[in-house]
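The values are calculated or read from the model by the stated rules, or taken from the named source; none is laboratory data. Worth saying up front: this structure is predicted, and the values here are computed from it rather than measured. All Cβ positions, even for glycine, are placed from backbone atoms using ideal geometry, and neighbour counts span all protein chains on display.
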Amino acid sequence: MRDRLLAAEKVKAIDWRDGTLYLLDQRALPLEEAWLACDSVAAVAEAIRAMAVRGASAIGISAAYGVVLAARARFAAGGDWIAALDADFELLETTRPTAVNLSWALRHMRERLERVREHADPLAALEVEALAIHESDREANLTMAQLGVELIRRYQGNPQALLTHCNTGALASGGFGTALGVIRGAWLEGMVERVYVDETRPWLQGSRLTAWELASEGVPVTLNADAAAAHIMKTKGLTWVVVGADRIAANGDVANKIGTYQLAVNAMHHGVRFMVVASSSTIDMSLATGEDIPLEERDARELLEVGGKPVGAAVEVFNPVFDVTPADLIDVIVTEKGIVERPDAAKMAQLLCRKRLH
Ligand code: MRU
């Protein structure tokens, strides 16, 4: 199956070329395929903050390249360039609070930095580390797609109707995608009759990005308002909800795009299985439960405006863009290290002791 998945890798959203980071600007999709060239850490930080690049894995990978750009500038300026990099790490770290892949990637870059102090070419060594982070995410995507597809094959007849939320595809990762990677893999294996895509208010990752990715591959896709999900579970013979994650706590609680929690509650009520797909870099063992995960709130204009035009009454707005799904609503978490069914603290700890499967 791996070869079929590799052959299907088409969309690429992050491209490191000749010392510049190119990002497919997700604010412009699907109307325009515009590339943003980032040649400084400030440009990368702004791209993450403004969501030109988004999705937990893609944010982490971009931040790693951001460190390479920062190091290049600090090194050229001379002096204690390694100490000066602290400010750049801080800048990147504070761009978005929820996806832990960001801190994970920065921690890896910092560890590498400590080891290259005396290196003949420290900038080249940092670049190698960023490329490795990118490549390992791509590999993890392929492994997770295979594991998730086997679960879909195991539990129900085929073909099946699936539902997903937000965007977890090639645009949100270093390769094939996490949850959308599983869905794309299942489609390639002939197991998918239709994919329902929540539009994912307020930023519309579903209608603008996921629908675009699936349609461009010929996957039968139906777009629905977020509020239609329970009705779809009741009436459309849905078998699985498949979503990604921005941070998974030590007990298996999952922070993901706002609306994921209500999907899990509804899935439990309707007997629809609930799968979370995320690489192990999304797991934060330092947080005992999801209660401790910082949840980003964004600008009121995301709710009060459409396409820059005011549409809502000018009242107080609450705009959390992530929520936490308790572990006991989750059937299975799929990572590149293996799967965890009915997650809990003991099973999550056991998972992290494992090596990668492939
Ligand atoms: O605000 P976003 O678009 O960055 O949120 C993205 C999600 O919630 C995804 O489900 C998650 O990051 C997993 S993508 C590999």
Which members of the range 110-169 meet the condition of being away from the ligand (no atom under 16 Å from the Cβ) and small (Gly, Ala, Ser)? Ala120, Ala124, Ala125, Ala130, Ala132, Gly157, Ala161
Count of the range 319-353 residues which are out of contact with any strand residue (DSSP E or B) (no Cβ under 7 Å at 6 or more places or on another chain), closer than 17 Å to Val277 by Cβ and either free of Cβ contacts under 8 Å to residues at least 40 places away in the same chain or not in a loop (DSSP other than H, G, I, E, B) (or both): 4
When Ala87 is evaluated against the numbered criteria (1) more than 16 Å from the ligand (Cβ to nearest atom); (2) assigned to a loop (DSSP other than H, G, I, E, B); (3) modelled with pLDDT of 95 or more, which criterion, by number, is the only one it fails? (2)
Evaluate the range 324-334: report whether one residue or more is at positive phi and either away from the ligand (no atom under 16 Å from the Cβ) or over 18 Å from the mean Cα position of the chain (by Cα) (or both). no
Does Arg96 fit the bill of being under 18 Å from Arg247 (Cβ atoms), under 22 Å from the mean Cα position of the chain (by Cα) and buried (at least 18 other Cβ atoms within 10 Å of the Cβ)? yes
Residue hits (the range 199-210; touching a residue at least 12 places away in the same chain (Cβ under 8 Å) and either away from the ligand (no atom under 15 Å from the Cβ) or within 16 Å of the chain's Cα centre (by Cα) (or both)) are Thr200, Trp203, Gln205, Gly206, Arg208, Leu209, Thr210
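The rows are residues; the columns are (1) touching a residue at least 40 places away in the same chain (Cβ under 8 Å); (2) of a type outside the set (A, V, I, L, M); (3) farther than 16 Å from Val324 by Cβ.
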site	(1), (2), (3)
Thr260	yes, yes, no
His269	no, yes, yes
Ala278	yes, no, no
Ser281	yes, yes, yes
Gly290	yes, yes, no
Ile293	yes, no, no
Glu296	yes, yes, no
Ala300	no, no, yes
Leu304	no, no, yes
Looking at Leu102, is it more than 26 Å from Val276 (Cα to Cα), in a helix (DSSP H, G or I) and within 16 Å of the ligand (Cβ to nearest atom)? no
Test result for Val182, of a type in the set (Val, Ile, Thr), more than 11 Å from the ligand (Cβ to nearest atom), assigned to a strand (DSSP E or B) and over 21 Å from Ala47 (Cα atoms): no
Which of the residues that make up the range 262-291 are within 17 Å of the chain's Cα centre (by Cα) and either of a type in the set (D, E, K, R) or within 12 Å of the ligand (Cβ to nearest atom) (or both)? Val276, Val277, Ala278, Ser279, Ser281, Thr282, Asp284
Looking at (1) acidic (Asp, Glu); (2) surrounded by fewer than 19 Cβ atoms within 10 Å (Cβ to Cβ); (3) in contact with an Asp or Glu (Cβ under 9 Å, 6 or more places away or on another chain), can you tell me which one Glu199 breaks? (2)
Can you tell me which residues in the range 217-261 are more than 11 Å from the ligand (Cβ to nearest atom), closer than 27 Å to Thr282 by Cα and small (Gly, Ala, Ser)? Ala229, Ala249, Ala250, Gly252
Restricting to the range 35-50, give me the number of residues that are basic (Lys, Arg) and either modelled with pLDDT under 95 or surrounded by 23 or more Cβ atoms within 10 Å (Cβ to Cβ) (or both). 0
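Per-residue answers, yes or no, for (1) in contact with a Gly (Cβ under 8 Å, 6 or more places away or on another chain); (2) more than 13 Å from the ligand (Cβ to nearest atom); (3) of a type outside the set (S, T, N, Q):
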position: Ala13; (1), (2), (3): no, no, yes
position: Tyr22; (1), (2), (3): no, yes, yes
position: Met51; (1), (2), (3): no, no, yes
position: Arg54; (1), (2), (3): no, no, yes
position: Ser57; (1), (2), (3): yes, no, no
position: Val67; (1), (2), (3): no, yes, yes
Strands (runs of 3 or more DSSP E) fully within the range 1-71 counting 2 or more residues that are closer than 25 Å to Leu113 by Cα and aliphatic (A, V, I, L, M): 20-24
